[in-house]
Amino acid sequence: MTQKNKKLIAGNWKMNGLQGALNEIEAIAKKLTDYADKGTFLICPPATLIAGAKALAGDALHIGAQDCHSEKNGAFTGDISAEMVADLGGRFVIVGHSERREGHHESNAMVKAKAETALEQGIKPIVCCGETLQQREAGEAIGFVTQQIAESTPDSLSKDGEIALAYEPIWAIGTGKTASVDDVAEMHVALRKTLVDKFGARGHTVEILYGGSVKPENANALLHTQDVDGALVGGASLKAESFLGIVAAL
């Protein structure tokens, strides 16, 4: 079991938030100064709000993006590049979220290419993985998810902690269902082994976050589960009160 000195708590706003939602960013940032020594904190708002969020985030809150293209630039209408994210001050990017894999037909190879492009721009990718309910009930969850990560991450890492993972069982995203602590521990231990097999000692330095209906009520148990190095938070990150409630579990 690998324990990090600081856990990473990341919020994914998905396709939610207009200009007025920046008030939540400001409220989060002001309160996070109380927890600066306990964790690393991140919000990934829609691309339209990255610049505004960055202006309000201060030193305690990082701002990132929810996706990036695998190419540096070019004729890709509607896409955002890692270079653009970096230009706005973003230092993290979520890649391979199940909603992208399913809705936009992103393969492991595409996710890997996005992660590599982010690294080239000095951005830390959070590589997502997760199984369906059918795969879990068929006993295929660990094999499927570990293969996802083996194929979706760069071939090598140049420094410790260069990437992070987020395990989000698809059946627990936005459903109110949460994997049991035992299920989470089993998957995170398997993911840790996959990382060490691929990256050697550096595999121990990669944060493995749990996502899937994380909220203040279950954050304490989840954040203190074996090989859980933080959380990727969906709906509960949209409001300062609930996001800070998760942070308080640290």
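The values are calculated or read from the model by the stated rules, or taken from the named source; none is laboratory data. Predicted model only: the values in this text are computed from it and were never measured. In this analysis, Cβ positions are derived from the backbone assuming ideal geometry, glycine residues included, and neighbour counts consider all displayed protein chains.
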*With the condition kept exactly as written, say whether any residue in the stretch 14-35 is surrounded by fewer than 16 Cβ atoms within 10 Å (Cβ to Cβ) and at pLDDT below 95.*
yes
*asked:* Looking only at the stretch 128-146, count every residue that is in contact (Cβ under 8 Å) with a residue 12 or more places away in the chain and part of a helix (DSSP H, G or I) and tell me the total.
replied: 7
*Which condition number in (1) at pLDDT below 95; (2) surrounded by 15 or more Cβ atoms within 10 Å (Cβ to Cβ); (3) more than 16 Å from the chain's Cα centre (by Cα) is the one that ALA172 fails?*
(3)
_Of the residues ALA150, ALA219, ALA185, only one is at pLDDT 95 or above, over 30 Å from ALA248 (Cβ atoms) and assigned to a helix (DSSP H, G or I); which?_
ALA150
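Per-residue answers, yes or no, for (1) farther than 21 Å from ALA113 by Cβ; (2) acidic (Asp, Glu):
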{"residue": "ARG136", "(1), (2)": "yes, no"}
{"residue": "GLU140", "(1), (2)": "yes, yes"}
{"residue": "VAL145", "(1), (2)": "no, no"}
{"residue": "ALA150", "(1), (2)": "no, no"}
{"residue": "THR153", "(1), (2)": "no, no"}
{"residue": "ALA172", "(1), (2)": "yes, no"}
{"residue": "THR178", "(1), (2)": "yes, no"}
{"residue": "HIS188", "(1), (2)": "yes, no"}
*Does any residue of the stretch 111-118 turn out to be of a type in the set (A, V, I, L, M, F, W, C) and either surrounded by fewer than 21 Cβ atoms within 10 Å (Cβ to Cβ) or without any contact (Cβ under 8 Å) to a residue 24 or more places away in the chain (or both)?*
yes
*Look through the stretch 175-185, keep the residues that are of a type in the set (A, V, I, L, M) and touching a Ser or Thr at 6+ places or on another chain (Cβ under 8 Å), and return whichever of them is surrounded by the most Cβ atoms within 10 Å (Cβ to Cβ).*
VAL184
*Of all residues making up the stretch 119-139, the number that are loosely packed, with under 14 Cβ neighbours inside 10 Å, at pLDDT 95 or above and farther than 22 Å from LYS159 by Cβ*: 2
*Return the residue satisfying two criteria in turn: it lies in the stretch 66-105 and is within 14 Å of the chain's Cα centre (by Cα) and assigned to a strand (DSSP E or B), and of such residues it is farthest from ILE50 (Cα to Cα).*
VAL95
*Residues ARG101, ARG91: which one is closer than 27 Å to ALA27 by Cα and basic (Lys, Arg)?*
ARG91
*Give the residue that is nearest to PHE92 (Cα to Cα), with candidates limited to residues of the stretch 44-61 that are surrounded by 20 or more Cβ atoms within 10 Å (Cβ to Cβ) and in contact with a Phe, Trp or Tyr (Cβ under 7 Å, 6 or more places away or on another chain).*
CYS44
*So which residues in the stretch 148-169 are under 15 Å from HIS97 (Cα atoms) and either among the polar types (S, T, N, Q) or surrounded by fewer than 20 Cβ atoms within 10 Å (Cβ to Cβ) (or both), if there are any at all?*
GLN148, GLU151, SER152, THR153
_Given the options GLY234, GLY200, GLY230, GLY211, name the one that is touching a residue at least 24 places away in the same chain (Cβ under 8 Å) and at positive phi._
GLY230
*Report, by residue number, each residue of the stretch 165-182 that is part of a helix (DSSP H, G or I) and out of contact with any helix residue (DSSP H, G or I) (no Cβ under 7 Å at 6 or more places or on another chain).*
ALA172, ASP182
*charged (D, E, K, R), under 24 Å from LEU42 (Cα atoms) and in contact with a Cys (Cβ under 9 Å, 6 or more places away or on another chain) - does that describe any residue in the stretch 107-118?*
yes
*Return the pairs, sorted by first residue and then second, in which the second residue is aromatic (Phe, Trp, Tyr) and surrounded by 18 or more Cβ atoms within 10 Å (Cβ to Cβ), the first residue lies in the stretch 150-165 and is under 21 Å from ALA190 (Cβ atoms), the beta carbons are less than 6 Å apart, and the residues are 6+ apart or on different chains.*
LEU157/PHE199
*Could you count how many residues in the stretch 26-65 are farther than 26 Å from ALA115 by Cα and assigned to a helix (DSSP H, G or I)?*
11
